[in-house]
Structures are given as structure tokens and as C-alpha cells.
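Below is one structure, written out as C-alpha cells, with a few remarks after it.
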């Protein structure tokens, strides 16, 4: 298990607000993204409290890996979730957000985090998600490998397209078509096929 880097900012969930919003909308899960810097132990404690509230409400929280925070890479996000130690805290895996963390999003980041993943964000980047996002397939994320692994492992039944490059509508449509093509290729290979 990886230990959090001391220079990274810890995850601080805006969980109560998002949990409340998800509960009011009858959603079965809420997304808790990394927030402002805080101490690691305080962040873990806060997330434990949020996970306890989620448990009582019958929802699952999902921490999204974000660049520049303790939950930036797959390994660091897994370490944070492991420290919280609640079945009501899972991960929203965003491979593009993990670019530039010193860990390849797939396979290393994914392998470290896969036991916690409940959702996957799909976007791509040429230099890091805070620097320059591009349409899926034009960046450095190995989406074919990532999708094949998620399919082989039965991780999720869906992924969320998160277009961060303009024009949004045009690139969202493009991202959808590229992902559909990649998924067709995965399905043609069959589950457990590897490469």
C-alpha cells in the first residue's frame, strides 16, 4: 500500500453537502471530490464521519482522484480509502486526473485502486488534466487498455464521459463515438482476453 506524499494536499470532502444533495435526488451514490488542503489525519477522520452518515442513509460516497491532492494517483487514493476503512467509501476513478503523478494511470494506478472503484470518469489529456484536456484518443490515457481491464475485472457497468475540452457538445459527441468504438473492440476480444 502506498503512503501519502507529505507534499501533496490531502482530500477534504465536501461530502455532507453532496451527500445531502444525492439523498434529496434519490441517488444511490454521491461523489466526494478532493477539496482544500488539510491535514491527512483530519481528512481521514472527516471522511470516516461522512462514511458513517452515508451508511446510516444507505448511500455510498465516492472519492475522485484529483491532481495536486493526496488522492491524486490510484495508489494514493487507495491508501486514503484504506485509511478510512469503511465499505461506504469507494472511488470514482479518473485516469486522466492521474496523469503526471509519477504513476501510469493504467495499469499501475488502476490495479492499485480497482477493488474500490464504483465509477469511472472518461476524458483524456495531453499533459495533465489541469493543463490541457483533449478528446478521448488524442491524449496519453490508454483508454483501450483501461476499458479492457475494467471489463475483464467486472469493475463497473457504466462510465461517465467528462468532457473538459472545447467545444463541449462537439467533443462530447466525439468522445462518445470513440469510447463506443473502443468498447466494441473490447467486446469482440471477449472478457478475460488480455491482449
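For the reader, a short list of remarks on this structure follows.
- Selection status of residue 70, farther than 30 Å from residue 127 by Cβ, touching a helix residue (DSSP H, G or I) at 6+ places or on another chain (Cβ under 9 Å) and modelled with pLDDT under 95: no
- Screening 138, 111 for residues that are surrounded by fewer than 18 Cβ atoms within 10 Å (Cβ to Cβ), farther than 21 Å from residue 181 by Cβ and either more than 14 Å from the chain's Cα centre (by Cα) or at pLDDT 95 or above (or both) leaves exactly one candidate, 111.
- Only a single item in (1) at pLDDT 95 or above; (2) surrounded by fewer than 20 Cβ atoms within 10 Å (Cβ to Cβ) is not met by residue 51, and it is number (2).
- Checked against (1) surrounded by fewer than 14 Cβ atoms within 10 Å (Cβ to Cβ); (2) under 25 Å from residue 105 (Cα atoms); (3) modelled with pLDDT of 50 or more, residue 6 passes all but condition (3).
- Residue 100 within 23 Å of residue 150 (Cβ to Cβ) and modelled with pLDDT under 95: yes
- Meets criteria (in contact (Cβ under 8 Å) with a residue 12 or more places away in the chain, buried (at least 18 other Cβ atoms within 10 Å of the Cβ) and under 28 Å from residue 69 (Cβ atoms)) for residue 161: no
Yes/no matrix, rows are residues, columns are (1) outside any helix (DSSP H, G or I); (2) within 19 Å of residue 109 (Cα to Cα):
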| site | (1), (2) |
| --- | --- |
| 136 | yes, yes |
| 146 | no, yes |
| 156 | yes, yes |
| 166 | yes, no |
| 172 | no, no |
| 175 | no, no |
| 180 | no, no |
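The values are calculated or read from the model by the stated rules, or taken from the named source; none is laboratory data. Given the structure is predicted, the values throughout are model-derived calculations rather than measurements. Cβ sites come from the backbone with ideal geometry, for glycine too, and all protein chains shown count toward neighbours.
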